[in-house]
1. Quick check: pseudo-label points 7 Å beyond the Cα along Cα→Cβ at A:A51 and A:E162, how many nm apart are they?
2. For chain A, what's the relative contact order in percent, using C-alpha pairs closer than 8 Å and at least 6 residues apart?
3. Determine ³J(HN,Hα), in whole Hz, for all residues of segment B:111-122 in sequence, where each value follows from phi through the Karplus function 6.51 cos²θ - 1.76 cosθ + 1.60 and θ = phi - 60°; x replaces Gly and Pro.
4. Any idea what angle helix A:56-68 forms with the longest principal axis of chain A, computed on alpha-carbon atoms, 0 to 90 degrees, nearest 10?
5. Given Cβ point charges of +1 (Lys, Arg) and -1 (Asp, Glu) and nothing else, what value in debye, to the nearest 20, does the dipole of segment A:7-138 about its Cα centre take?
6. How many nm is it between the label spots at B:N116 and A:T9, if each spot is 7 Å from the Cα in line with the beta carbon?
7. If you fit an axis through the alpha-carbon atoms of helix A:157-167 and take the longest principal axis of the Cα set of chain A, what angle between them do you get, 0 to 90°, nearest 10?
8. Efficiency by 1/(1 + (r/R0)^6): what FRET value for B:E39 and B:M83, r their Cβ-Cβ distance, R0 = 30 Å, to the nearest 0.05?
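Readers should treat all values here as calculations from the given coordinates under stated rules, not as data from a laboratory. Being a predicted model, the structure only gives us computed values, none of them experimental. Cβ: placed from backbone, ideal geometry, glycine included. Neighbour counts: every protein chain shown.
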Amino acid sequence: RIYPLMRVTLTTSDGASVTVSRQLTKHSGFIEKAITDMAVDDNAVPLSAVAVDVDDATLKLVIEWLTEHRDDALPYPEKTDEERRADDIPAWDQAFVQKWDTKEDQQQTLYAVITAADKLDIKGLLDMTCKTLANKINGKTVEEMREILQLECDFTEEELAEIRKENAWCEN
Amino acid sequence: AEIQIEKENAWIDQTIGMRYDLSEVKVEQPFPLMELPNEIICIILRHLNTVDRLRARVNKRLYLLEWADQYQISQLTILQGDMSPIDPTIPGKVNMMLDVATLPSHVAFLLKLERNVRVESIFFSVR
């Protein structure tokens with residue numbers, strides 16, 4: 001289904017509002033459901049505002065991603081465990097994420113976009129950002145993972161010994 | 001006073017710049033993983049290869065989430081000789097080197113797999 005004319009106004013958690021094409025918002029399960037629940041005419045221009053629990057800065061990034069991916073097929077293809085991999089992020093998406101790496105709050109931005117993709121139910125964006133985080137962890141030692149994720153070891157000595165035993169075959 | 005200190009220190013900054021390309025220095029900041037809901041953490045775990053997934057059990061919550069999330073390995077190869085435990089070109093394939101010295105670890109790993117992993121095929125290669 002194509003929505004060439006229809007536009008949707010989104011209001012952010014910090015009070016901003018952005019009007020975007022329905023061609024972009026069709027990728028968001030949350031916004032599509034909100035529009036369906038309003039039971040308005042598809043040709044109404046613009047629609048009543050849809051409130052999203054995402055701040056303005058993060059929504060701008062989400063819209064930038066949606067604009068690039070506006071023609072992606074829907075529904076988002078689910079992958080099996082055998083097909084799933086983290087090293088197949090498209091070049092545009094890699095460059096999009098790398099832009100944040102120059103920021104001081106790079107990880108906070110990644111966190112904000114992951115949670116926004118989850119709240120707005122944008123499967124492609126959620127998948128891509130989760131892959132990005134997985135790539136930051138892939139190939140790291142347990143100690144490095146603890147450092148990146150800032151996690152304390154809360155295992156007992158016995159639990160830790162059991163995990164080390166299960167992991168020992170692949171550690172050398 | 002600040003300008004004076006900047007002036008006095010300028011030569012140090014220049015010297016460091018000559019020795020190291022500071023633009024290349026990238027500090028990885030910590031990611032607030034534990035603030036994410038369990039469902040998203042599970043998606044991230046599913047994007048890790050089997051070895052990194054095992055290593056990612058760095059605290060109790062991650063251990064339990066990894067345990068609770070069922071997944072599938074397409075081929076488990078148990079073989080003699082040196083080989084990387086994972087094949088980056090084939091997701092879902094795991095190579096386990098047969099080594100008497102680390103046999104208890106192999107058994108512990110197989111018992112761990114039994115909890116939440118479906119192995120589609122097992123391939124033995126013993127010379």
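1. Using points 7 Å along Cα→Cβ, the separation is 4.6 nm.
2. That works out to 21 percent.
3. 5, 5, 4, 4, 5, 9, 10, 9, 9, 6, 8, 10
4. So the helix axis and the longest Cα principal axis differ by about 80 degrees.
5. Roughly 140 debye for segment A:7-138.
6. With each label point 7 Å from Cα toward Cβ, the separation is 4.6 nm.
7. The helix A:157-167 is inclined about 80 degrees to chain A.
8. E(calc), rounded to 0.05, equals 0.30.
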